[in-house]
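Enquirer: This structure is in structure tokens; I'll ask about it shortly.
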Amino acid sequence: MESEKLKIYENRLITAKLIIEVLKGKITVSKALSSFPKEKNDINIKCAFDALVHREADEELRAKIKDYAEVQDEFLYSIANILRQNERLPQNIIEQYQKYHTENLMGEWDKPLKGVLKNFKRMINF
């Protein structure tokens, strides 16, 4: 049980680091997504994954709508901080992601970029 909690915490730290690296421009969203822990039992990591997918998908909105990118990035930064502190995301955030993301976009990938694009395409089509 204790090792399971430690593994969840380690995966949350990895997830937070990946989000921060994207926000700092050190890695691309697709690189971060392909490096996400394949944690299926932590809804917090799934929500973080989905939020990062939205950052990539909202590229046009980020360019057109004033402050959209800033607000979205602040939201991602908040998610990273919550995960870094090993806390759960607020229930309202989890419920919103479950409402719109019933499929697990994280999936299992053979080839990172191909897997990300395949899962992203699935998300757009539902």
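The values are calculated or read from the model by the stated rules, or taken from the named source; none is laboratory data. Here the structure is a predicted model, which means the values were calculated and not measured. Neighbour counts are summed over all protein chains in view; Cβ atoms, including those assigned to glycine, are modelled from backbone coordinates with ideal geometry. Ligands, DNA and RNA are stripped out before the accessible areas are found, and what is left, the full protein with its side chains, is counted by its heavy atoms. Shrake-Rupley method; radii C 1.70, N 1.55, O 1.52, S 1.80 Å.
Enquirer: Does Glu108 count as part of a loop (DSSP other than H, G, I, E, B), at pLDDT below 80 and open to solvent by 80 Å² or more (accessible area, probe 1.4 Å)?
Expert: yes
Enquirer: Pick out the one residue from Phe75, Phe49 that is in contact (Cβ under 8 Å) with a residue 24 or more places away in the chain and out of contact with any Phe, Trp or Tyr (no Cβ under 8 Å at 6 or more places or on another chain).
Expert: Just one listed residue meets the conditions, Phe75.
Enquirer: Can you tell me which of Leu33, Leu23, Leu52 is more than 24 Å from Lys99 (Cβ to Cβ) and in contact with a Leu (Cβ under 7 Å, 6 or more places away or on another chain)?
Expert: Only one candidate passes the filter, namely Leu23.
Enquirer: Can you name the helices (runs of 4 or more DSSP H) wholly within segment 19-79 that have at least 2 residues being surrounded by 17 or more Cβ atoms within 10 Å (Cβ to Cβ)?
Expert: Fully inside segment 19-79 and qualifying: 29-35, 43-57.
Enquirer: Being in contact with a Lys or Arg (Cβ under 9 Å, 6 or more places away or on another chain), modelled with pLDDT of 95 or more, open to solvent by 80 Å² or more (accessible area, probe 1.4 Å) and not in a loop (DSSP other than H, G, I, E, B), is that true of even one residue in segment 3-15?
Expert: Among the residues of segment 3-15, not one is in contact with a Lys or Arg (Cβ under 9 Å, 6 or more places away or on another chain), modelled with pLDDT of 95 or more, open to solvent by 80 Å² or more (accessible area, probe 1.4 Å) and not in a loop (DSSP other than H, G, I, E, B), which makes the answer no.
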